[in-house]
Each structure stands twice: as C-alpha cells, then as structure tokens.
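Notes follow once the structure below has been shown.
The values are calculated or read from the model by the stated rules, or taken from the named source; none is laboratory data. Note that the structure is a prediction, hence the values are computed from the model and not measured. Glycine also receives a Cβ, built like all others from the backbone with ideal geometry; neighbour counts cover every protein chain displayed.
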There are 8 protein chains.
Amino acid sequence: MTFTVYLSGEIHSDWRDQIRRGAESAGLDVTFTAPVTDHPASDAAGDHLGETGTQFWRDHQSAKVNAIRTRTLIQQSDLVVVRFGDQYKQWNAAFDAGYCAALGKPYVTLHDANIVHALKEVDAEAQAWCTTTDQVVETLRYVLQAS
Amino acid sequence: MTFTVYLSGEIHSDWRDQIRRGAESAGLDVTFTAPVTDHPASDAAGDHLGETGTQFWRDHQSAKVNAIRTRTLIQQSDLVVVRFGDQYKQWNAAFDAGYCAALGKPYVTLHDANIVHALKEVDAEAQAWCTTTDQVVETLRYVLQAS
Amino acid sequence: MTFTVYLSGEIHSDWRDQIRRGAESAGLDVTFTAPVTDHPASDAAGDHLGETGTQFWRDHQSAKVNAIRTRTLIQQSDLVVVRFGDQYKQWNAAFDAGYCAALGKPYVTLHDANIVHALKEVDAEAQAWCTTTDQVVETLRYVLQAS
Amino acid sequence: MTFTVYLSGEIHSDWRDQIRRGAESAGLDVTFTAPVTDHPASDAAGDHLGETGTQFWRDHQSAKVNAIRTRTLIQQSDLVVVRFGDQYKQWNAAFDAGYCAALGKPYVTLHDANIVHALKEVDAEAQAWCTTTDQVVETLRYVLQAS
Amino acid sequence: MTFTVYLSGEIHSDWRDQIRRGAESAGLDVTFTAPVTDHPASDAAGDHLGETGTQFWRDHQSAKVNAIRTRTLIQQSDLVVVRFGDQYKQWNAAFDAGYCAALGKPYVTLHDANIVHALKEVDAEAQAWCTTTDQVVETLRYVLQAS
Amino acid sequence: MTFTVYLSGEIHSDWRDQIRRGAESAGLDVTFTAPVTDHPASDAAGDHLGETGTQFWRDHQSAKVNAIRTRTLIQQSDLVVVRFGDQYKQWNAAFDAGYCAALGKPYVTLHDANIVHALKEVDAEAQAWCTTTDQVVETLRYVLQAS
Amino acid sequence: MTFTVYLSGEIHSDWRDQIRRGAESAGLDVTFTAPVTDHPASDAAGDHLGETGTQFWRDHQSAKVNAIRTRTLIQQSDLVVVRFGDQYKQWNAAFDAGYCAALGKPYVTLHDANIVHALKEVDAEAQAWCTTTDQVVETLRYVLQAS
Amino acid sequence: MTFTVYLSGEIHSDWRDQIRRGAESAGLDVTFTAPVTDHPASDAAGDHLGETGTQFWRDHQSAKVNAIRTRTLIQQSDLVVVRFGDQYKQWNAAFDAGYCAALGKPYVTLHDANIVHALKEVDAEAQAWCTTTDQVVETLRYVLQAS
C-alpha cells in the first residue's frame, strides 16, 4: 500500500523533514508533497506577472499563483497533515483543513496541547490529533502496514 | 431577489448586528444566519451528552454538535461573510472559508488592513475583502438591487 | 430555523414518539420523517408486484420498494437519528449511517453504552452519540435555538 | 482486465484467504485490499495518540485512525465484498455497504441464508449475494474473463 | 409526505391517465409530470427555429428542445415511472432509465411479462417492475401512506 | 409548470424586455433574472471596497462582486439564454455558456446567422440556437405548455 | 494521446472486430473494452449464485452481475460507442447511452439511417452519429491524431 | 512534480510552441495538450459523417466531434492556459474558461493589456493573467520547482 501525503501549514520549523525522515526509517512507501516553503519566494510568487500597485493586490496575485500548486497537490493526496506552530496566525493551515473537510479528504492535525481549544472545530473534522511528528509517522506506519 | 447570508467568525463584537441593521435600513430582503454566538453555550454544546474525561474530548464533543448547525447553515446560504477580529486566532473562521472554497460557495471577508498579509490565501478565494460592515452592506445592496 | 429529521433504525420501541413529544414540548420547528415502521407492512411492501418464488427475492422486492421511501427521505433531511435497540441485528440502521457518511449528511446515534465498542465505526462518523431520547431532543433544541 | 477488490467485514474467519487463493488458482488479475484484520491492533489504532479517559473516546480515536485506511481503500476499489459472519454484530460491515451504496460503488455480500431477512436492505443494493467464497471467486472470474 | 413523479415512455396509450386517476382515488399527494405527449407537436418541437435540410437534423433540433423539458422534470422528480408499450422501440424510455440510474434517481418500470428478458438491464436498476398501472398506484400509495 | 430563466450577455439592446413582454403576452409562468445591466454600475461594482491602483485590479474587484450575483442566479435557473449582439466581444456571454455546459445547465443561444461559425463550440452545447426573441419565447412556450 | 473506448450494444454482428481492426490498421493507441458478448454466458452470469424460481429473477440476478463489469468499464472509458443493430430491441444500448449522458461521458452512436427518428433522443446527446464502423474509426483517428 | 497543461484558444500564432520550448529549456516535467490547431481540419472534423445541408449543422457536427477531444483533455489537465489573440472573437476560449471555472479546474489567461476590460469576468476566475509566454513558463516553473 502506498500513500501520498500533503504537508500543510507552518513553514518556520523542520517538522516536514522530521516526518520524511521518520517515514523513511520506518520503510514506508509514502510520497510527501508540500506548498512552497521558501517564504520570500512564496510571497513573490506572482511578481513576475507585473506590479500591482498595492500590498493587498500583490498578496492576492501571489496567493492565486500558489493556489495552482496547493489545490492540485491537496486533491492528489490521500492524506493531509495540517501543522499549527507556536507563532503566526496560520490561517492558511485552517483554510486547508476546511477545504479538506468539504472535499471529504482525510486530514490529521499536528499541534501542541495549549491551542486545543482554539482549534476545536479544526480538530473535530480531523481523523487524528498529533502533538509530535513521531505520532504522525506512527499513524502513517499503522495505516500502511496494517499492524 | 432574496439572499441568505451566513455570518461566520468573530463572536466578541457586534459586527453581525451592524450588518443586520444596515441591511434593514437599506430595505434588503436578506435572511441572516450565524453559528451559536453565546460563547459559554457554544463551548458546552455537547455537555448534555456526558462527561468526556479530558478537555480535548469535551471540545471535540461540543464542536461536533455545533457543526450540525454550522455546516447546514453554510450549505443553505447564498453567501458567507467571514469576519476576522483583532483578537483570538479565529481558526474556525479560516476553516469555514476553506470549506466554502471547496464547495464553490461565494464568501467575502471582513477584516482590518493590518492582517492582509496573513490572510492572503483566504482573501484570494474570496469574492471581496471588506474592512467595514458598511462595505458588506453595500455589497449586499448592489448584488440584490442591481444598481 | 427549521429542521427536517429522519428517524432511522429500531421499530420495536416508542423512541420516535418520545423524540416527537420532546420536540413538541420544547416548541421546536422540526419535521420528523421515518421509514415504514409497521413491520408486517414493510416486509410485504413488494407483495402486490407478484410472487417471487423464494424468501430471498420476496425480501429483495420489498426492500427495493421501501428504498424508494427511505432514500428520498434521508436525502431530504437535515439530520438523521440512527437508533440501535437491544434486540435484532439492525444492519439497516448501520447501512443508513454509512449511506449518510458518504453523502456528508450529518447524523447522531442513539444507543446504550453496552454496545459502544461494536458501533465504534458508526459512532466515529456521527456528530453525537446519545443514550436517551432526551439527549436527542436537547441536541435538536440547542441546534435550533442556539442557546 | 484488472480489478481491485476491497474485502470488508468479518475478521474472525479465513474467508479473505479463501478468496485470495481462489482468485490466484483461477489466474485472475485482482488486487485485494482489506481493513486491519488484527483485532487487538485495530482496537489500539489510536492509542499512540494518548490516553482518552473513557472507553468511548478510546474507540472513537481508534476508529477515526482506521477510517484513514478503510475510506481510502474503499474509494480506490472497483468492487467491495461485504462479509457477515455468524458471530458479532458487524455493524461496520453494514456501514461499509451503505457507504458504497451512496457512492455508487458496486458491492457483493457474503453471508449464510439464515440471515437473509435481517440483511434485506443491505442485499437490495448489492450486485450479488454469495453464500460461499467460491461464488465470490466465480463472480470475479466471470467479470474479468467475460465468459 | 408529497411526491413528484415523472411519467416517461409510451405516448400511444392512456397509462398516464390511469395512474393519475388511481392516485387521485387513493387521495395521494402526488404531482405528475411528463414529456410532451402530443406526438406531432413533439416531432415539430424545433421547427420554429428554422429549416434544417435533413430529417436527421430536424429530429436533432426537436429532440434538443424537448430535452429542456424532460431533463429538468426528471431532475425535479422524486420518482420516475418508465413505461414500455407493445409497439415501437421506445429507446427514449430506456435512455431515461439509464439517465436516472446514473443520477441515482429511483425509477420503476411498467411493462408486460413478455419483454422481461429484453429489459433485464433496465429492470435490474429499477426499484420495482410493475405490469399494471394499479401496481404503480399501489406502490405510490404504500410509499406515501407508509402502511 | 414554472421556469426560472437567466438572461446572459449583451446589455446594449432591449432583447431582455422583448423576451419578458413576449412571455407575458403568452401567459407563461416564467421568472426572469439577469446580471446587472447598468453598465457604469457594473464596472463600478467593487469601487466601494477601495482604490486598487490599476485598471486591471479595479476590473478584477468589480468582476468578483458581480460574480456573487451572476453565479448564484445561473445556478438557481432552469434555463439560461445567452445573447451575442453585433458589437463588443462579449466573452462573458461565452464564459457563462461554458459555465452552464460544465454544470449540465441547459442553455439556448440568441444571435444572428453571420456569427454562426465563430460560435460553433458554444452552439454545439446549446439546446437551441435562436435568431429572434420571438423564437426564444416560442421555445419557452412549448416547453412550459407542452403543445 | 491514448483513449479507452467502450463498445456498447449489439452482440450479434462483428462490428466490434471491425472497429478494432480499423483502429489497429490506423495505428491508433486505443484500448477497447466491451460487455460480455457471449450471449448464453451473459444470460447465465448469475446462475452460479443459485436458483431463483422465476425467469424474471434469474434475469435480474444475471443483469446485476453483468453490471459489475459494464458500469465499471463505462466509467473508466474516455468514449463509448453505442451500437443499434437491425434486430432486437437493444434497450440496454439505449440505457447505456442515457447512463453516459447523465455522467457527462461522451458517446457516439452507430446505426442505420432507417432508425434515425426512433433514436432521436439518443442521438441528440451523442457527439456523433455514424452509420459505418469506418466512420467510427475515422472519428477516433481524428480525435487522437489531431489532423 | 509533473503537470499536464492544456493550451486553449488562439490557433493563428505560435504561442503554444513558445511555451513548449520555454518549458523544455527550463527542464520542466510538463505534458502539453491542445485542441486540433489545424484550422481547416478542425472545421471539417465531422465531414466524414456525411452532408448536413446547411453551414450551421456542418459546424455543429464538427464542433461536437472536436468536443470529444477538448472536453477529455481539459478534464485530464492540471492547469489550462487560455489564450486570447488580437484577431477573431475566440468565444471558444472564453467558453473553455467558463467550463474550467465551473469544474474548479485552475486556469491562467494569456492576452494583451488592451483587452483587459472586456475579459474582466474571465480574468476574475483565473489564477493569473499573463501577457507573455515567458510569464506562463515562469508560472509553470515556479509551481513545479517550488522556488
């Protein structure tokens, strides 16, 4: 059994690499995908299309270019991991979770216990809540190895 | 032309009433719906189903009861207004926006200019970004009155 | 806010009437629907179409006639209550729950604590698990009255 | 012609192996998938995510992890075989059948004649009712070999 | 409970009136809809749009105009009755049945026993096979009156 | 039988009024809807949301506000009439036709014979091609009156 | 460009082989699929499941087994060719055409000119009407070779 | 990461080749697809099916054959580029854009600044507006290379 897993959310820590390494160590046949995690590149994703005049429209233009990547990868995935870090609002992570919920695409969340209450709607639709990347890997291992 | 508008997000200011009053003043034929905005009642939505043992599962139980209301109302609406206030994470608002995006349900956002960058993915899928409730009402007025 | 609630499952106790009375007492604007609960009539639903020769095909013929009613009512409902009683296998109740899950139709379960383990897959997709009809009524009251 | 067949239901007999061996003997190009059939492992599927406090929430947590696997495999399959054994309630098997029915995913049932009446709704939506694993294999052979 | 029933197929006998009268006698709250049953009018449905040059394109033009009516009414119905008479090929009736099957719209067939074999694929997806209009009415009565 | 008909396309001639008057004269039970046909108002639909800096983003902002109205009305309609006039590119009309085609929403076109070749893809998915508003009205009359 | 083409309908002439040979001669990269074309085998498709008592239910049982094959292959195809021969009612061919129409699956018809009128609804939703297998092959050649 | 990109619209300039060459130079793993771009061949796509008598029906016949190719390729693509040139109406390009919008299929537009106003509805649903083929290639490069 193989799986494609999209890693959504926080881009300022190495949680994606931890999961990739853990899955590799466990010998899992998983393909990981992700949004553009280079922050300046992501913010400038639409700059080659021309000046927009205001910050709002520059963000708008870049966000729509990024969505070409993210929407496609989410739809092609079997599972989405949605990570909420300690900093930043990360509304895009919650947005992706809502997007998955409406599509019926299963997702698990990855966040600390201290934000459980604020994330209760997001967690309510998730298949699992993990606090560590090891728990994400173990979830993948169980699903794929069936034991 | 009539419209049903679901008002998602912040529950600690009177933005919903402002929009309701504005629409009434403009003579618009709009039905407004909303999640449960009584915060303690919302947190306790599942308490009548029994003790859960932990905070996470209490939240989980309540969030799933609340979703009976919110998912149904979002699906029945013609437009969703998603409000992000100055305080709190409001991941549930971003979650609702993502849910709408995947359903193809049109939504507009309502938030201050200082959080434009953090909300760029949410705004990119929105039909409009408003900073005041008057702008929301004017948007509704234009859509319904066609002038 | 109004709701249409389909009451699926057990037909040998008066749980449907209890919920109807409770909702009426609470002044809720709910329309309740249900499968044919007259057991002999349900078993004979297709008999007017002719002899089938075997028990399997008699059941088959009747079940398909009953499905005209049940599938339509489930799709028209806003919420489904799925009741598992103490007796009988009630696979049709579990079938309805799975049907709802695939449609994204919210449902709550109603059953005693002693069968929690056997129903874990059914409960996992439910919005709530109730053990009493009062809990079902209170869930409806909260969803509709928002307080 | 190749087929992917998901084997849903009873986990206390060797019916899955009988079908696998039969398909192999017949030289059929079929990939078989299944839920986790190791009962203790399945019950503990979510235990690595932490203590839940009650049996209901432990079951809930595990069932949601298992659903990552089962929902994906059902959706990827061309046909589902739903097995009802002599023991246990097996509501999850009926749940899977209802899930398939709503998706328009074809399924066949496998059960003894003595439970035909209780399963009439489940059988009514099935493409075939088999009483032996040989009949399942023969059905697959016919569908794939077209003779 | 109310129902909208679309009456598809044969236009050279009075089976639609028989069903309408039967439903009225039984006091059923059913709205019946139908394609254009005036044969010359139906064949000329597109003639006001101009000459087409050939019989094929005249038929094509009329059939597409008729489809505005038939597709809409089928989608708005709760149940479709598909009638195959003794004469004519009535491929449009079988076409409507296939259309319903793909939509998940329930339908019953109405035809004599002597064409059972030729209609086996059409009957296999039907909820019931009736040989008389009384059986259709009785099916409706049971579904609506639940007894 | 009643119908809701959305009138898409050209806003510089009185074709919508001609159809409305024709339907009224024929006594048809049709509700007509339309985009905002006040051209300056339509171009300024988003101006109340703030300055955008460039023409492209002003158009973008207004077009997204207009889409709240047009997408909703198209989805609520039973039939769409798509009008291509003698002047202007009217890509939005062709866009609406493609949108309808993908939704399976029936539409008819209304345009002169001299642009038949350029519109062949649009006409190929239409239920009818009309050259006069009288033909549109006659099409509606036939569909609704069935004679 | 590759294509999968399902060949539906008549099983008493060699039209499928003519199309296969023509496509091979033209060097087209097409995979052809088909229902079971061995008539006695098709009629007996469900006989291994047991006696049914009547002809209707024997046909029913076999038709449902055949549908496992036909529904899957239609859904996996890029194009369906629906053949109506000179003999037999071939309602299953018209049924498949209606099924395709509702799914938005493109199909072409293959039949003589003398049955054009009776097939006008079926042809109205088709992408093309062919009278010879050479025309079917040429249609495939054009679509795949783009010249 | 690989992508399939459908190139819709103008067929009288070499923009498709420019994009193909640019993607190749950038080492992108992209498969490009397109409608039939040989204009006379496209107009004659249905001629092998027989004479139609009028220009309208010849165009109709050809357009439906072309749609077998274009609808399939659009649905199989990850992204669509819609090109509007300086000449011709190119309603089919706008039609494809509307088709994509309704499917939720992401597309970018490619056109000069002087037609921005006329294309505002088409651009409003696009992920990006490009004025040069280099911008299209850069958009693809960013999406695929994530930097």
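Is there a residue being within 7 Å of another protein chain (Cβ to nearest Cβ) and buried (at least 24 other Cβ atoms within 10 Å of the Cβ) anywhere in region A:103-118?
no
Need the failing condition index for C:GLU51 against (1) among the charged types (D, E, K, R); (2) at pLDDT below 95; (3) closer than 25 Å to D:LYS105 by Cβ, just the number.
(3)
Is it the case that C:GLU138 is assigned to a helix (DSSP H, G or I) and crowded, with 23+ Cβ neighbours inside 10 Å?
Working: assigned to a helix (DSSP H, G or I): yes; crowded, with 23+ Cβ neighbours inside 10 Å: no.
Against the criterion (assigned to a helix (DSSP H, G or I) and crowded, with 23+ Cβ neighbours inside 10 Å), C:GLU138 does not qualify.
Does region G:72-84 include one or more residues that are out of contact with any Gly (no Cβ under 7 Å at 6 or more places or on another chain), more than 22 Å from G:THR2 (Cβ to Cβ) and either surrounded by 22 or more Cβ atoms within 10 Å (Cβ to Cβ) or within 14 Å of chain C (Cβ to nearest Cβ) (or both)? Show your work before the answer.
The initial filter retains those residues of region G:72-84 that are out of contact with any Gly (no Cβ under 7 Å at 6 or more places or on another chain), namely G:72-81.
Applying the additional criterion that residues be more than 22 Å from G:THR2 (Cβ to Cβ) yields none.
No, that holds for no residue.
Yes/no matrix, rows are residues, columns are (1) assigned to a helix (DSSP H, G or I); (2) in the same structural domain as H:THR131 (by TED's automatic domain parsing):
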position	(1), (2)
H:ALA45	no, no
H:HIS48	yes, no
H:GLY53	no, no
H:GLN87	no, yes
H:PHE95	yes, yes
H:TYR99	yes, yes
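In region A:9-25, which residues are of a type in the set (A, V, I, L, M, F, W, C), closer than 26 Å to B:GLU121 by Cα and assigned to a helix (DSSP H, G or I)? Don't jump to the end; show me each part of the working.
Quick first cut of region A:9-25, residues of a type in the set (A, V, I, L, M, F, W, C) only: A:11, A:15, A:19, A:23.
If we keep only those that are closer than 26 Å to B:GLU121 by Cα as well, we get A:11, A:15, A:19.
Correct list: A:TRP15, A:ILE19.
Consider A:ASP96 against the criteria (1) touching a helix residue (DSSP H, G or I) at 6+ places or on another chain (Cβ under 7 Å); (2) within 14 Å of chain F (Cβ to nearest Cβ): it satisfies all of them except one. Which criterion is unmet?
Result: A:ASP96 fails condition (2) only.
Consider E:PHE32 carefully, then state whether it is closer than 27 Å to E:ALA124 by Cα, more than 11 Å from the chain's Cα centre (by Cα) and surrounded by 15 or more Cβ atoms within 10 Å (Cβ to Cβ).
Details: closer than 27 Å to E:ALA124 by Cα: yes; more than 11 Å from the chain's Cα centre (by Cα): no; surrounded by 15 or more Cβ atoms within 10 Å (Cβ to Cβ): yes.
Taking the combined requirement at face value, the residue does not satisfy it.
Among the residues of region D:72-93, are any closer than 21 Å to A:GLN135 by Cα and either in contact (Cβ under 8 Å) with a residue 40 or more places away in the chain or out of contact with any helix residue (DSSP H, G or I) (no Cβ under 6 Å at 6 or more places or on another chain) (or both)? Give the derivation first.
Residues of region D:72-93 closer than 21 Å to A:GLN135 by Cα: D:72.
Those still in the list that are either in contact (Cβ under 8 Å) with a residue 40 or more places away in the chain or out of contact with any helix residue (DSSP H, G or I) (no Cβ under 6 Å at 6 or more places or on another chain) (or both) too: D:72.
For region D:72-93, residues closer than 21 Å to A:GLN135 by Cα and either in contact (Cβ under 8 Å) with a residue 40 or more places away in the chain or out of contact with any helix residue (DSSP H, G or I) (no Cβ under 6 Å at 6 or more places or on another chain) (or both): present.
Since G:THR109 meets every condition but one in (1) over 22 Å from H:PRO35 (Cα atoms); (2) in a helix (DSSP H, G or I), which condition does it not meet?
If we test G:THR109 against (1) over 22 Å from H:PRO35 (Cα atoms); (2) in a helix (DSSP H, G or I), just (2) comes out false.
Filter region F:3-31 down to residues that are β-branched (Val, Ile, Thr) and free of Cβ contacts under 8 Å to residues at least 40 places away in the same chain and give me whichever is nearest to F:GLN75 (Cα to Cα).
Going residue by residue through region F:3-31, those that are β-branched (Val, Ile, Thr) are F:4-5, F:11, F:19, F:30-31.
Pick out the ones that are also free of Cβ contacts under 8 Å to residues at least 40 places away in the same chain and you get F:11, F:31.
Values: F:ILE11: 20, F:THR31: 14 Å.
Ranking the candidates gives F:THR31 first.
Working only within region B:31-54, note down all residues that are among the hydrophobic types (A, V, I, L, M, F, W, C) and within 14 Å of chain D (Cβ to nearest Cβ). Lay out the reasoning, then the answer.
The first filter runs over region B:31-54 and keeps only residues among the hydrophobic types (A, V, I, L, M, F, W, C), leaving B:32, B:34, B:36, B:41, B:44-45, B:49.
The one that is among the hydrophobic types (A, V, I, L, M, F, W, C) and within 14 Å of chain D (Cβ to nearest Cβ): B:LEU49.
Consider D:ALA63 carefully, then state whether it is within 14 Å of chain B (Cβ to nearest Cβ) and out of contact with any Pro (no Cβ under 7 Å at 6 or more places or on another chain).
Details: within 14 Å of chain B (Cβ to nearest Cβ): yes; out of contact with any Pro (no Cβ under 7 Å at 6 or more places or on another chain): yes.
In short, yes.
Could you list all residues from region D:2-29 that are surrounded by 14 or more Cβ atoms within 10 Å (Cβ to Cβ) and on the phi > 0 side of the Ramachandran plot?
Matches in region D:2-29: D:GLY9 only.
Please verify whether region G:25-37 includes one or more residues that are under 30 Å from C:ARG58 (Cβ atoms), of a type outside the set (A, V, I, L, M, F, W, C) and at pLDDT 95 or above.
We begin by selecting, within region G:25-37, every residue under 30 Å from C:ARG58 (Cβ atoms); these are G:35-36.
Still in the list and also of a type outside the set (A, V, I, L, M, F, W, C): G:35.
Then keep just the ones that are at pLDDT 95 or above; that gives G:35.
Yes, region G:25-37 contains a residue that is under 30 Å from C:ARG58 (Cβ atoms), of a type outside the set (A, V, I, L, M, F, W, C) and at pLDDT 95 or above.
Restricting the search to region B:119-134, which residues are more than 8 Å from chain A (Cβ to nearest Cβ) and buried (at least 20 other Cβ atoms within 10 Å of the Cβ)?
Taking region B:119-134 first, the residues more than 8 Å from chain A (Cβ to nearest Cβ) are B:126-128, B:130-134.
Within region B:119-134, B:ALA126, B:GLN127, B:ALA128, B:CYS130, B:THR133 qualify.
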